[in-house]
Amino acid sequence: MRGWGFPAACAAVVVAGLAFTELADNPYYFNAAYVILQALIMAVAWNILGGFTGYVNFGSAAFFAVGAYTSIALLKAAAVPLPLLILAAALVCGLIGLGVGYLTLRLKGVYFAIATLAMGIVLETLINNWSYVGGAKGTAILTPDKHLWFDSYSEMLFMVMLLLALGSVAVSRTLSSSRLGRGLAAIRDDEVAAECSGVPTLRLKLVSTTVMGAMMGAAGAPYPYFVSYVDPLSAFNLFIAVNSIAMPMIGGTAHWAGPVVGALLVGSAQEVITVTISSELNVLLVGIMLVLFITLAPQGIVGLVRKHWKKRA
Amino acid sequence: MSALLQVAGLAKRFGGFTALEGIALDVAPGERLGLIGPNGSGKTTLINCISGALYNDEGRIAFEGRDITRLPPFQRARLGIARSFQIPKPFRSLTVLDNLRVPLEYAARTRSAHRRAEDEAMRVLESMGLAARAHQDSAGLTQVDMRKLELARAMAAHPRLLISDEAMAGLSGAEVDEVLEILFKLNAAGITIIMIEHIMQAVMRFSQRVVCLDAGRIICEGTPEQTVANADVQRAYLGA
C-alpha cells in the first residue's frame, strides 16, 4: 500500500463501520466488535515495543487498567466527556510508559519482562487500596444517555474504538517505515551496534515505551462505559496481557500488519468459540495457537505470506 | 600538527582486573595506525573506550580537541568515530541496504551531503562490492560479505576516524587483500584508520605506525619495522 492506498482503506473502514451501525440490530455484534478492536489496539501497541524494539512487556494489562481507572477517577470527580477521558488516560499511561522506558537502562530480555509483570502487580495493589475509585470491590459507572446520532451507546463506543484502532494502526505503520522505525529495528537487532551507528538508543526506547503506554491507556479509557462495572481483578486480568502478546506473535511481529491480522483472527475466533462452545475454551485456543505458531511459524502469518511472495518473485 | 584523537592516562578495570592502565596515544589526522598485541592484552577494550561502548575509569579522551570522555557512544558516532566489530554485528532483520541507512540517517545525518540516504547507501555498497546483495537479508551473508558489511556500515557513518577491529579474521589471502585495498582507499580519501589485526603481513603493509599492547600497557610504539624488531614485542607477541 503506497500513497493514497492506506488513507483510502481507512476511510473505507470508517464508512463500513458507520454502515454497520445503521444495518445491524443485534447489540451483541457491537459488543463483540468492541472486544476485538480493543484487543487490536492492545496488540498494535504491544508490538511497537515488543515487535519493533525487541523488549517484551508482560504488563500490558496494567497500562490498560490504569487507562480505565483514569476514566473512573475523572468521572468520580466530574462529568468529563469521553474524548477528554481518552486523552487523559493516554497521557497518564504515556507517563508510566516513559518510566518503564528508563527500566531498559538496566534491564534486558527476561529481566525486563519480569519487571513489567511486577509493575502490574504493584499498580493493581495500589488500585485495590484506593477507595476513591472503589478499591477491591470495584465501582459501577452509569452509561450516559447521550450517544450522538447512534441508536445506542454501545454503537457509539464501537465507532470510538474503531477510530482509535485506525489511529493506532496508522501510527504503527508510519513508525515502522520511518527513520525512527529503522532505529528501533537496529536496537532490537543489536543495541551496541545501534549506538555505535549513532542511534540514541535510550531516547528511542523512551519514545517506544511512551507511545505503547499511551495507546494502551487510550484503549482502556472507554472500558468503564463498556462494562459499566469495573473491579481491579477484571481490569488487570492477565488474559489481557497474554492476548496482547499472543496476537502479534501469531500475526507476525516484524511488520505493522502482523498484530492487526493476529488480533482480527484470534479475536474473532475467541468470540465465535465463546458463543458457540464455551468461554473457558477460548483461553485454551490462544494457548494452542501460540504454541503452534512459535514452533512452526515464528515469523507469524505475515512472515509466512511474505516468504511465499519472495519465493514467487 | 594537532592530533585527531588524543588518549591520555587511560585506565579501565573490570572489578579487580586491570584491563588497561596508563594508556597514552595520539593519532594524527590521516594516519594509518596498527594496533597489535596478544589475546587479552586490551586492544578491544581500548577501542571500546574510544568508541564509548565502555567508559574508562581514569584518563581523558579527546577527539578533534574536544573532550569526549563522558559522551555516550551515539554522540561520538555523530562526531565522526566509527568502528567495526570483531564479531560482526549486522542488524539481522534488516536488508543489507537498510543496515547502511541506519548510520546514514543517524550518525551522518548532520554531516552527510543532502542526498537521499538510499542512494548514498547504494554508493557505499558499490564501493565495497556489495551492491548485488543490497536487498538481501543481512543475516544470510557469507563470512567475507558479513565482514565487508561491518566496514560498509562504519563507512556509511561518514567517519573521520575508522576503527577496524579484526576486519580480516578468518578470511583467505585474496580476501585479506581485498579488504586491505578498501582500507587504503578510505585512507586516501582522508579517513584516519586504526586497525586491530592479528595478520602481521597485513599490519606491516598497512600501518605507518604500530602500537603493541601487552597486559593492558603499551610496550612498544614505532614504525612497523621497529616494532617487529623490538625485543619486548617478540617476547610478548610474536614469539622469538
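Can you pull out the residues in the stretch A:195-234 that are of a type in the set (Gly, Ala, Ser), modelled with pLDDT of 95 or more and assigned to a helix (DSSP H, G or I)?
Residues satisfying the conditions are A:208, A:213, A:214, A:217, A:218, A:219, A:220.
Considering only the stretch B:74-94, how many residues are within 27 Å of residue B:135 (Cβ to Cβ), among the charged types (D, E, K, R) and under 15 Å from the mean Cα position of the chain (by Cα)?
Number satisfying all stated conditions: 2.
Out of the residues in the stretch B:90-105 meeting the condition of being surrounded by fewer than 20 Cβ atoms within 10 Å (Cβ to Cβ) and at the interface with another protein chain (Cβ under 7 Å from one of its Cβ atoms), tell me which one is farthest from residue B:127 (Cα to Cα).
Of the residues in the stretch B:90-105, the ones surrounded by fewer than 20 Cβ atoms within 10 Å (Cβ to Cβ) are B:92-93, B:95.
Still in the list and also at the interface with another protein chain (Cβ under 7 Å from one of its Cβ atoms): B:92-93.
Numbers: B:92: 22, B:93: 23 Å.
The residue in question is B:93.
Taking the conditions exactly as written (farther than 19 Å from residue A:220 by Cβ, within 12 Å of chain B (Cβ to nearest Cβ) and in contact (Cβ under 8 Å) with a residue 12 or more places away in the chain), does residue A:151 satisfy them or not? Even if it seems obvious, please write down each step before you answer.
Working: farther than 19 Å from residue A:220 by Cβ: yes; within 12 Å of chain B (Cβ to nearest Cβ): no; in contact (Cβ under 8 Å) with a residue 12 or more places away in the chain: yes.
Judged against the criteria, residue A:151 is not a match.
Within the stretch A:138-152, track down each residue that is assigned to a strand (DSSP E or B) and buried (at least 16 other Cβ atoms within 10 Å of the Cβ). Walk me through how you get there before you give the answer.
Within the stretch A:138-152, the subset assigned to a strand (DSSP E or B) is A:139-140.
Matches in the stretch A:138-152: A:139 only.
Specify which of the listed residues (B:149, B:162) is more than 10 Å from chain A (Cβ to nearest Cβ), of a type in the set (A, V, I, L, M) and part of a strand (DSSP E or B).
Working: B:149 fails: part of a strand (DSSP E or B).
Of B:149, B:162, the one residue that is more than 10 Å from chain A (Cβ to nearest Cβ), of a type in the set (A, V, I, L, M) and part of a strand (DSSP E or B) is B:162.
Tell me, which strands (runs of 3 or more DSSP E) wholly within the stretch B:1-86 include 1 or more residues that are closer than 30 Å to residue B:144 by Cα and in contact with a Pro (Cβ under 6 Å, 6 or more places away or on another chain)? Break it down into steps so the answer makes sense when it comes.
Working: elements: B:5-14, B:17-27, B:32-36, B:58-63, B:81-83.
Qualifying strands (runs of 3 or more DSSP E): B:81-83.
Exactly one condition in (1) in a loop (DSSP other than H, G, I, E, B); (2) under 20 Å from the mean Cα position of the chain (by Cα) is false for residue B:109; which is it?
Looking at each condition in turn, residue B:109 falls short on (2).
Report every pair of residues separated by at least 6 positions or lying on different chains whose Cβ atoms are under 8 Å apart, first residue within the stretch A:103-128 and acidic (Asp, Glu), second at pLDDT 90 or above and assigned to a helix (DSSP H, G or I).
Taking only residues 6 or more apart or on different chains, the pairs are A:124/A:62; A:124/A:65; A:124/A:232.
The rows are residues; the columns are (1) out of contact with any Phe, Trp or Tyr (no Cβ under 8 Å at 6 or more places or on another chain); (2) within 24 Å of residue B:92 (Cα to Cα); (3) surrounded by fewer than 22 Cβ atoms within 10 Å (Cβ to Cβ); (4) away from every other protein chain (no Cβ under 14 Å).
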residue: A:157; (1), (2), (3), (4): no, no, no, yes
residue: A:176; (1), (2), (3), (4): no, yes, yes, no
residue: A:181; (1), (2), (3), (4): no, yes, yes, no
residue: A:186; (1), (2), (3), (4): no, yes, no, no
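Look at residue A:209 and say whether it is farther than 30 Å from residue A:153 by Cβ, in contact (Cβ under 8 Å) with a residue 40 or more places away in the chain and not charged (D, E, K, R). Give the steps one after another, and end with the answer.
Values: farther than 30 Å from residue A:153 by Cβ: yes; in contact (Cβ under 8 Å) with a residue 40 or more places away in the chain: yes; not charged (D, E, K, R): yes.
So residue A:209 passes the test.
Assess whether residue B:174 counts as being more than 27 Å from residue B:233 (Cβ to Cβ), without any contact (Cβ under 8 Å) to a residue 60 or more places away in the chain and either part of a loop (DSSP other than H, G, I, E, B) or more than 14 Å from chain A (Cβ to nearest Cβ) (or both). Steps first, please.
Numbers: more than 27 Å from residue B:233 (Cβ to Cβ): yes; without any contact (Cβ under 8 Å) to a residue 60 or more places away in the chain: yes; either part of a loop (DSSP other than H, G, I, E, B) or more than 14 Å from chain A (Cβ to nearest Cβ) (or both): yes.
Considered against the rule, which asks whether it is more than 27 Å from residue B:233 (Cβ to Cβ), without any contact (Cβ under 8 Å) to a residue 60 or more places away in the chain and either part of a loop (DSSP other than H, G, I, E, B) or more than 14 Å from chain A (Cβ to nearest Cβ) (or both), residue B:174 comes out as yes.
The values are calculated or read from the model by the stated rules, or taken from the named source; none is laboratory data. A quick note: this is a predicted structure, and the numbers were derived from the prediction, not measured. As a convention, Cβ positions derive from the backbone with ideal geometry for all residues, glycine included, and neighbour counts pool all protein chains shown.
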